[in-house]
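Working notes, structure below.
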Amino acid sequence: MVASAPEDIPRTIVAQPSTGDKIFRGILRASGWSVFVITGLILLFLILRAAKAFRFMGLRFLTTSAWISQSPQHFGIASILPFGILIALIAMIIAIPAGIAIALYISEYAPRGLKRPLVALIDLMAAIPSIIFGLWGLLFLEPRILGFDSWLGRHLGFIPVFNFRLSTSIAANYASSTFIAGIVVSLMVIPIVTSLSRQVFSQAPQGEREGAYALGATRWGMVRTVVLPFGRAGVIGATMLGLGRALGETIAVTLIIVPAWHFNFHVLESGSNSIASRIAIDFPSYPAAGSMGLSALMAAGLVLFGMTLIVNTLGAIVISRSRSGLATAD
Amino acid sequence: MAASTVSTQTATPGPPPADAPLRLRAVTAEGTLSLAGAAVGALALDWVLYERVLPFTGVLGFWVSWYVLFLALYTAIAALQWDLLSVRDKFFSVALSTGGVLATAIVIDQVAYTLVRGYAAVKHPRFFTQTMANAGPLSPIDVGGVGHALIGTLEQILLATLLSVPLGILAALYLAEVGGRAARPVRTLVDAMTSLPDIISGLFILAFAVLTIGLPKSGFAASLALAVTMLPIVTRAAETVLRIVPGTLREASYALGGSQWRTVLMVVLPTARSGLATAVVLAMARGIGETAPVLLVAGFARGMNWNPFRNWQTSLPLYIFYQIQSPVLADKIRAFGGGFALVILVLVLFAVARRVGGGAPGELTRRQRRRLEKQSARQRAATKGISA
């Protein structure tokens, strides 16, 4: 008798959106998905324009260490791609610890009145144009860092990376190197790593922080056992988005390096390269180089775009995972 | 009574009682003096080692080794007075604080360096109104300026903002208001596209608009490329703002019978207005300094071109890029003059962004609050008039 009480079944509420709402949602949905359309168009047009160069060079595109866009054309990414990755690696080695340190300082250590100015400062650092970073790196940092470079070359030269095959007493041999480009790029990556990881750090649950303190943790003890484990996914994602930025940095790298064509790990030696800077340097010669020269640049651009899109998407997925975990915790 | 005083007297010289509360942000004389001592000691030791004993040179190396010595000395001093746990705590709070100092120093250094070097060009009063049309390689510094690049930058960024902001905010509304499972890939891609290599959007517009559709190389093509770069930045920033609009406001609107589009239009957007403005201005600040997208599709003009839809147009970053590569000294100085103008523009946009908003949505500025108070006082007076 109890079981057969039909009026206890809750009524399901089905909200029927009005016509206006349907149109409204349609517009919003279309705008949201336009990001996919744009990404797809970028891929499509780069592939269309790059096809000619790929057909011309075939697999040699991957093994050629030269970029001659005027006939007889001969170009490939065998040296520009690894040089670019090396610059990005140096940038990340500096930017990851620095970015995390700044993020931890802002979210955990800074006095309350200092937090907002510091966050604004990091935003400003992200907005400083890359051309200004380039000017600063070329004319302010480079003359001042050469002494440090030669110190590294002379005293730590036994480490293969710092090994120096040229004369160590000539300053010009240290200029325009992979190392200097990496340092400047690292400064442009730091705000990305900082702002993303700061957001995750500041969301570490208050109860667990207080729990750690109640168990007698010092501030560092609390950070190590609560904030850092909580923010791990966010930091990994931030690092990958920063890596995407470092791989694609154009103008600052273009201003600092001089092109080198034989890939090597000796980061202190003068000369480096990257896909983005190759496009920027080579582009002015395009009317003379004709459609093949342009297609070669599109091919390089396609490689860069594919690489950064994969790295960035993985990073964004990792970040969104950490964020969706938050949503359930709320 | 007497017994208790005796016991406290015997306890004072020894270690503090075990359950004394740990003061996390305490500033003590020992702490400050240890820091200062380590800093001065490291400076002296570094000077002796770096400048006198060992054959090192270079300003940067000096400060790097100073920092390492400072951390080592500070740890040693801390280890003499405190237990291992506190030493570790002190070490990390000092090491992490330098992160904050480092970021501040870099930003100030870059901004100040550009402003100082740029002043040599900017002090000529006509620098901002002249163009490079009449300036040859031998022209003195007071001939030629950034007038054309300034106009180009302003026109291009305005067009790019007009193109990217409406779409960006609609996309952000999709993520925040419609959402759901289908929105997740969109958010992921927007996140990924925020660090799209800047040269790619230039290549894309070159391949798509210039070579396929036949749009001439112009300021408008440049602003298309800028819009591609700015769109994900606007979307991302606007979504963060829309997300913190309290859900209760939306529910209140629904409870009054509002449909979704009226709720968004009359409740969500007005509440988030200041935050959205900040998002837009920050995206403009990012877009205004982009060189690489513009490099491929704007061409490079030496003279004034007011029309962004026809002929080549130069923007400030492009101007700097070409001037700094010139072997002529006056050109390099002009490049820094352009840098001066660009940095000032970015700083102004930043100041505007902070002025407009930065507070949480719904949080009123002093002026807004005063206006509201005046309005309600007027209404009160009006109702009093009716009742009397």
Single residue of B:Gly41, B:Gly31 found to be touching a Lys or Arg at 6+ places or on another chain (Cβ under 9 Å), modelled with pLDDT of 70 or more and surrounded by 13 or more Cβ atoms within 10 Å (Cβ to Cβ): B:Gly31
Count of residues meeting criterion [within 26 Å of B:Ser195 (Cβ to Cβ), more than 11 Å from every other protein chain (Cβ to nearest Cβ) and not hydroxyl-bearing (Ser, Thr, Tyr)] in the range B:209-223: 4
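One line per residue, one yes/no per condition, for (1) more than 9 Å from chain A (Cβ to nearest Cβ); (2) under 17 Å from B:Val346 (Cα atoms); (3) part of a loop (DSSP other than H, G, I, E, B); (4) over 31 Å from the mean Cα position of the chain (by Cα):
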| site | (1), (2), (3), (4) |
| --- | --- |
| B:Ser86 | no, no, no, yes |
| B:Asp89 | no, no, no, no |
| B:Leu96 | no, no, no, no |
| B:Val116 | yes, yes, no, no |
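May I ask you to say which residue of A:Ile42, A:Ile38 is within 12 Å of another protein chain (Cβ to nearest Cβ), touching a helix residue (DSSP H, G or I) at 6+ places or on another chain (Cβ under 6 Å), surrounded by 14 or more Cβ atoms within 10 Å (Cβ to Cβ) and under 30 Å from B:Pro166 (Cβ atoms)? Lay out the reasoning, then the answer.
On the way: A:Ile38 fails: touching a helix residue (DSSP H, G or I) at 6+ places or on another chain (Cβ under 6 Å).
Unique residue meeting the criteria: A:Ile42.
A quick yes/no check of all residues on (1) under 19 Å from A:Pro97 (Cβ atoms); (2) part of a helix (DSSP H, G or I); (3) in contact with a Leu (Cβ under 7 Å, 6 or more places away or on another chain); (4) not aliphatic (A, V, I, L, M):
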{"site": "B:Ala39", "(1), (2), (3), (4)": "no, yes, no, no"}
{"site": "B:Leu60", "(1), (2), (3), (4)": "yes, yes, no, no"}
{"site": "B:Trp66", "(1), (2), (3), (4)": "yes, yes, yes, yes"}
{"site": "B:Leu80", "(1), (2), (3), (4)": "no, yes, no, no"}
Single residue of A:Ile310, A:Ile279, A:Ile251 found to be crowded, with 23+ Cβ neighbours inside 10 Å and free of Cβ contacts under 8 Å to residues at least 60 places away in the same chain: A:Ile279
Matching residues in the range A:222-241 - criterion: being surrounded by 19 or more Cβ atoms within 10 Å (Cβ to Cβ) and more than 30 Å from A:Met307 (Cα to Cα): A:Met222, A:Val223, A:Val226, A:Val227
Odd one out for B:Gly287, checked against (1) over 23 Å from the mean Cα position of the chain (by Cα); (2) within 12 Å of chain A (Cβ to nearest Cβ); (3) crowded, with 19+ Cβ neighbours inside 10 Å: (1)
Test set (1) in contact with an Asp or Glu (Cβ under 7 Å, 6 or more places away or on another chain); (2) under 30 Å from B:Leu316 (Cα atoms) - B:Ala238 fails condition number: (1)
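Taking the criterion of being among the β-branched types (Val, Ile, Thr) and at pLDDT 90 or above, would at least one residue in the range B:248-263 satisfy it?
Yes, the range B:248-263 contains a residue that is among the β-branched types (Val, Ile, Thr) and at pLDDT 90 or above.
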Filtered residues of the range A:66-82 (kept if at pLDDT 85 or above and among the polar types (S, T, N, Q)): A:Ser79
Residue under evaluation B:Ile157, criteria (1) more than 7 Å from chain A (Cβ to nearest Cβ); (2) touching a Leu at 6+ places or on another chain (Cβ under 8 Å); (3) closer than 25 Å to A:Lys22 by Cα, criterion not met: (3)
Subset of the range B:160-179 [more than 10 Å from chain A (Cβ to nearest Cβ) and small (Gly, Ala, Ser)]: B:Ala160, B:Ser164
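Any residue that is within 11 Å of another protein chain (Cβ to nearest Cβ), over 21 Å from A:Val119 (Cα atoms) and not β-branched (Val, Ile, Thr) - is there at least one of those in the range A:163-174? Lay out the reasoning, then the answer.
As a first pass, look at the range A:163-174 and keep what is within 11 Å of another protein chain (Cβ to nearest Cβ): A:171, A:174.
Keeping just the survivors that are over 21 Å from A:Val119 (Cα atoms) gives A:171, A:174.
Remaining after also requiring not β-branched (Val, Ile, Thr): A:171, A:174.
Yes, the range A:163-174 contains a residue that is within 11 Å of another protein chain (Cβ to nearest Cβ), over 21 Å from A:Val119 (Cα atoms) and not β-branched (Val, Ile, Thr).
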Wholly within the range A:191-270, helices (runs of 4 or more DSSP H) carrying at least 1 residues that are more than 13 Å from every other protein chain (Cβ to nearest Cβ) and farther than 28 Å from B:Ala192 by Cβ: A:206-214
Flag for B:Leu206 being within 13 Å of B:Ala298 (Cβ to Cβ) and either free of Cβ contacts under 8 Å to residues at least 60 places away in the same chain or at the interface with chain A (Cβ under 7 Å from one of its Cβ atoms) (or both): no
Hits in the range B:65-84 - residues which are among the aliphatic types (A, V, I, L, M), loosely packed, with under 15 Cβ neighbours inside 10 Å and within 14 Å of another protein chain (Cβ to nearest Cβ): B:Val68, B:Leu84
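Of all residues in the range B:206-217, which are crowded, with 24+ Cβ neighbours inside 10 Å and within 11 Å of B:Leu295 (Cα to Cα)? Spell out the reasoning first.
Initially, the range B:206-217 is screened for residues crowded, with 24+ Cβ neighbours inside 10 Å, giving B:206-207.
Result: B:Leu206, single match.
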Members of the range B:344-386 found to be modelled with pLDDT of 80 or more and among the β-branched types (Val, Ile, Thr), listed by number: B:Ile344, B:Val346, B:Val348, B:Val352
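Those residues that are assigned to a helix (DSSP H, G or I) and either facing another protein chain (nearest Cβ under 7 Å) or touching a residue at least 24 places away in the same chain (Cβ under 8 Å) (or both), I need them from the range B:185-198; list them, please.
As a first pass, look at the range B:185-198 and keep what is assigned to a helix (DSSP H, G or I): B:185-194, B:198.
If the condition is that a residue be assigned to a helix (DSSP H, G or I) and either facing another protein chain (nearest Cβ under 7 Å) or touching a residue at least 24 places away in the same chain (Cβ under 8 Å) (or both), then B:Val186, B:Arg187, B:Thr188, B:Leu189, B:Val190, B:Asp191, B:Ala192, B:Met193, B:Thr194, B:Asp198 are the ones that fit.
This table checks each residue for (1) assigned to a helix (DSSP H, G or I); (2) under 28 Å from B:Val297 (Cα atoms); (3) out of contact with any strand residue (DSSP E or B) (no Cβ under 7 Å at 6 or more places or on another chain).
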| position | (1), (2), (3) |
| --- | --- |
| B:Pro140 | no, no, yes |
| B:Gly152 | yes, yes, yes |
| B:Leu159 | yes, yes, yes |
| B:Ser164 | yes, yes, yes |
| B:Gly168 | yes, yes, yes |
| B:Ala172 | yes, no, yes |
All positions within the range B:322-340 that are in contact with a helix residue (DSSP H, G or I) (Cβ under 6 Å, 6 or more places away or on another chain) and hydrophobic (A, V, I, L, M, F, W, C): B:Ile324, B:Ile333, B:Ala335, B:Phe336, B:Phe340
Criterion (touching a residue at least 12 places away in the same chain (Cβ under 8 Å), crowded, with 24+ Cβ neighbours inside 10 Å and more than 17 Å from A:Val189 (Cα to Cα)) met by exactly one of A:Gly301, A:Gly271, A:Gly244: A:Gly301
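Can you name the residue in the range A:292-316 that is among the hydroxyl-bearing types (Ser, Thr, Tyr) and facing chain B (nearest Cβ under 9 Å) and, of all such residues, is nearest to A:Leu46 (Cα to Cα)?
Filtering the range A:292-316 for residues that are among the hydroxyl-bearing types (Ser, Thr, Tyr) and facing chain B (nearest Cβ under 9 Å), the one nearest to A:Leu46 (Cα to Cα) comes out as A:Thr308.
The values are calculated or read from the model by the stated rules, or taken from the named source; none is laboratory data. Because the structure is a prediction, the values reported are computed rather than measured. We place every Cβ from the backbone using ideal geometry, glycine too, and count neighbours over all the protein chains shown.
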